[in-house]
1. Toward the positive end of the charge dipole of the chain, about the Cα centre and with charges on Cβ (Lys, Arg +1; Asp, Glu -1), which of N77, Q46, Y33 goes farthest?
2. Which angle from 0 to 90°, rounded to the nearest 10, does the C-alpha axis of helix 2-17 make with the longest principal axis of the chain?
3. Under a Cβ-only charge scheme (Lys and Arg +1, Asp and Glu -1), can you give me the dipole magnitude of the chain about the Cα centre, in debye to the nearest 20?
4. For region 2-82, what does the equivalent ellipsoid look like in terms of its semi-axes, each the square root of 5 times an eigenvalue of the Cα gyration tensor, given largest first in whole Å?
5. I want the local charge near Y18. Using Cβ-Cβ distances under 12 Å, sum +1 for each Lys or Arg and -1 for each Asp or Glu among the other residues.
6. For the chain, take the longest principal axis of its alpha carbons; what is the angle in degrees between that and the long axis of helix 41-51, to the nearest 10 within 0 to 90?
7. So if each residue of separation counts as 0.36 nm, and I subtract the Cα-Cα distance between K9 and K22, what length gain in nm does that give?
8. Tell me which lysines have Cα within less than 24 Å of K10's Cα, excluding those fewer than 8 residues away on the same chain?
Amino acid sequence: MSTDIEQLKKKIIYRSNYRGTKEMDKLLGAFTYKYLDQLNYEDLNQLIKLLEIDDNNLYNFYNGLKTDVKFEDNKINNLFKNFKY
């Protein structure tokens, strides 16, 4: 299982740093590096779901603006929403 978690972490690091917009690359990259080693397997899967959302909706969610996507009330989304870059 530890190799599964390490593979998942590598995937998360890549996906958080190569988004498409520099702003989100920096924001999500910093967020990921800060919390990655503190997360359990379930949290990592929630982070993957967060990373699947497009940059515009993530940016709007982070800044408290209207989004086209419904964000669940979970640990990862709350950490991201309250993250100070």
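1. Y33
2. 30
3. Computed charge dipole of the chain: roughly 260 debye.
4. 20, 14, 10
5. Once all neighbours under 12 Å are counted, the net charge is +3.
6. In the chain, helix 41-51 runs at an angle near 40 degrees to the longest axis.
7. Full-extension gain reported as 2.6 nm.
8. K22, K26, K34, K49, K75, K81, K84
Read-outs throughout are calculated quantities, based only on the coordinates presented, and are distinct from any laboratory measurement. Predicted model only: the values in this text are computed from it and were never measured. Neighbour counts run over all protein chains shown; Cβ positions are idealised from the backbone, glycine included.
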